[in-house]
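Written out below as structure tokens is the structure these notes cover.
The values are calculated or read from the model by the stated rules, or taken from the named source; none is laboratory data. Note that the structure is a prediction, hence the values are computed from the model and not measured. Heads up, the Cβs are rebuilt from the backbone with ideal geometry, glycines too, and the neighbour counts pull from every protein chain shown. For accessibility, only protein heavy atoms count, side chains too; no ligands or nucleic acids. Shrake-Rupley method; radii C 1.70, N 1.55, O 1.52, S 1.80 Å.
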Amino acid sequence: MFVFDAHLDLAMNAMEWNRDLTRTVADIRESEKGMTDKPDRANNTVSFNAMRNGNIGLCVATQIARYVKKDNPLPGWNSPYQAWAQTQGQLAWYRAMEDIGEMVQIRNTEQLNAHLKLWENGLDKNPIGYILSLEGADSIITLKHLERCYEQGLRAIGPAHYGPGTYAHGTDSVGGIGHKGRELLKEIERLNLILDATHLCDVSFWETMKVYQGPVWASHNNCRKFVDHNRQFSDEQLMELIGREGVIGIALDAWMMVPNWVRGISTPKGMDVTLIQMINNIDHVCQLAGNSLHVGIGTDLDGGFGKEQCPADLNTIADLQKIPGLLLGKGYSETDVENIMSKNFIRYLRKVWGN
Ligand SMILES: [Zn+2]
């Protein structure tokens, strides 16, 4: 079954983890043996080959670079100019992958439809389609830069990531969006970008919903009902997104799937983390919505973690093909499953972009 993954950090892996995603997962793991600079070395789960094996022909792929002010302890760039340059380097990598036919950027409905046709025909090595998104807006130096991003094909943007940002407060911080955030939201709306609500802290989330009327989704977000943390959305937040016709992508980071996960210590087997928790999150959103139209897949599988911190029954991203069977087993219809695996996000893109 065709799969749409609403959140992958492909360029970050290429440019910061130095991963050549044109190689197989096994090859990349082999090349990282003994390395300790990142927590997920030799445990990666994503490559183009694995995506093709899993029929994951379309994804939202990010640019990501945090700007940290002097008193911010999080890792990041010391000026927005450096953060901007980092995202532009990431874009250069996507372009290089387009040049060799590994990827293709999707910016409008016409390109989307043509791309889906290509994959329907089931050829051996189709390019992987990507919709460009910016995770955390700190690299946007001025609103003019956001317009430049739009011209480069950017179609979605999350104002915040972890900690306090320039335009909003993100995960594990508390605060509103301020004047700069409101100005950014106006520009997002004017450019018809999709606002990614993921990573907004509660205060920033609700302030955003008050002033923003444009399209919104949550690319990689699980439910607070299962893991009580500010990174997860409460039922009220999920209902707000559902009420705006949005789609929520469910993520596969183990700490967001089971409570009390301790990074670097807990193991997927030890904590019994499997795709079942993803199914439970999907089911919860469907129960809130009363249908299967507002939830999808947003794995984040290359977001700074790998096999050591994802479901035990997933070796590579190709194993997303286990999800349809699990949903059917829970009583979901074939149509529901297609909605969840790709069609909800695709329908939303068509709605935002028009014909
Ligand atoms: Zn994220």
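What share of the DSSP beta bridges in the chain is antiparallel, in percent to the nearest 5?
Antiparallel bridges make up about 5 percent of those DSSP assigns within the chain.
What pairs from K69/K180; K38/K330; K125/K269; K38/K186; K33/K69 go past 26 Å between their alpha carbons?
Where the Cα-Cα span goes over 26 Å, the pairs concerned are K38/K330; K125/K269; K38/K186; K33/K69.
Mind putting a number on the dipole of region 112-235 about its Cα centre? Charges go on the C-beta only, +1 for Lys and Arg and -1 for Asp and Glu, and I need it in Debye to the nearest 20.
The calculation lands at about 180 debye.
On a full-extension model of 0.36 nm per residue, what is the gain between S333 and K69, subtracting their alpha-carbon distance, rounded to one decimal in nm?
Result: 90.1 nm gained on full extension.
Report, in debye and to the nearest 20, how large the dipole of the chain comes out about its Cα centre when Lys and Arg carry +1 and Asp and Glu carry -1 on their Cβ.
Using only the charged Cβ atoms, the result is roughly 420 debye.
Would you mind pulling out the separation of the Cα centroids of region 290-355 and region 140-216, in Å?
Here the answer is 25 Å between Cα centres.
Can you give me the long-range amide H partners of I131? Hydrogens built in the peptide plane at 1.01 Å from N, cutoff under 5 Å, separation of 5 or more residues or another chain.
Counting only residues 5 or more places away or on other chains, the set is C59, V60, A61, I106.
With charges only on Cβ, +1 for K and R and -1 for D and E, what is the dipole size of region 273-340 about its Cα centre, in debye, rounded to 20?
120
Full extension from E236 to E151: what is 0.36 nm times the residue separation minus their Cα-Cα distance, to one decimal in nm?
27.1 nm
For region 87-234, what is the relative contact order in percent, using Cα pairs closer than 8 Å and at least 6 residues apart in sequence?
Computed over region 87-234, the figure is 16 percent.
Among L200, A14, T142, whose Cα projects farthest towards the positive end of the dipole of the chain, with charges put on the beta-carbon of Lys, Arg (+1) and Asp, Glu (-1)?
Of L200, A14, T142, it is T142.
Considering the zone a paramagnetic label at N280 would reach in this model (a point 7 Å from Cα along the Cα-to-Cβ line), which residues of region 237-270 have amide N under 17 Å from it?
250-262, 267-270
Among S234, P259, I248, flag the residue with its Cα farthest along the positive direction of the charge dipole of region 223-276, charges on Cβ as +1 for Lys/Arg and -1 for Asp/Glu.
Toward the positive end, the furthest listed residue is P259.
Can you spot the aspartates and glutamates whose alpha carbon is less than 17 Å from K225's alpha carbon? Ignore those fewer than 8 places along the same chain.
Result set, ordered by chain and number: D202, D235, E236, E240, D253, D283.
Take V337, V352, V262 and sort them by solvent-accessible surface of the protein heavy atoms, 1.4 Å probe, largest at the top.
Result, largest first: V262, V352, V337.
Which residues' amide hydrogens lie under 5 Å from the amide hydrogen of V216, considering only partners 5 or more residues apart or on another chain, with H built in the peptide plane?
The answer is L195.
Please identify, among Q287, Q152, Q63, the residue showing maximal mean-square fluctuation in a Gaussian network model of the chain using a 10 angstrom Cα cutoff.
Q287
Could you work out [θ]222 nm for the chain from helices alone, using -39500 (n - 2.57) per DSSP H run of at least four and dividing by all its residues? Round to the nearest 500 deg cm²/dmol.
Helix-only estimate at 222 nm: -10500 deg cm²/dmol.
What order do L118, L288, L123, L58 take when sorted by accessible area (1.4 Å probe), most exposed first?
L123, L118, L288, L58
Could you give the nm distance between label points at V203 and H229, where each point is 7 Å from its Cα heading toward the beta carbon?
2.1
So for the chain, taking the charge dipole from beta-carbon charges (+1 Lys/Arg, -1 Asp/Glu), which of H284, N55, H294 sits furthest toward the positive end?
Positive-most Cα among the choices belongs to H294.
Top mean-square fluctuation among K144, K307, K69, Gaussian network model of the chain, C-alpha springs under 10 Å?
Comparing K144, K307, K69 in the GNM, the peak value goes to K144.
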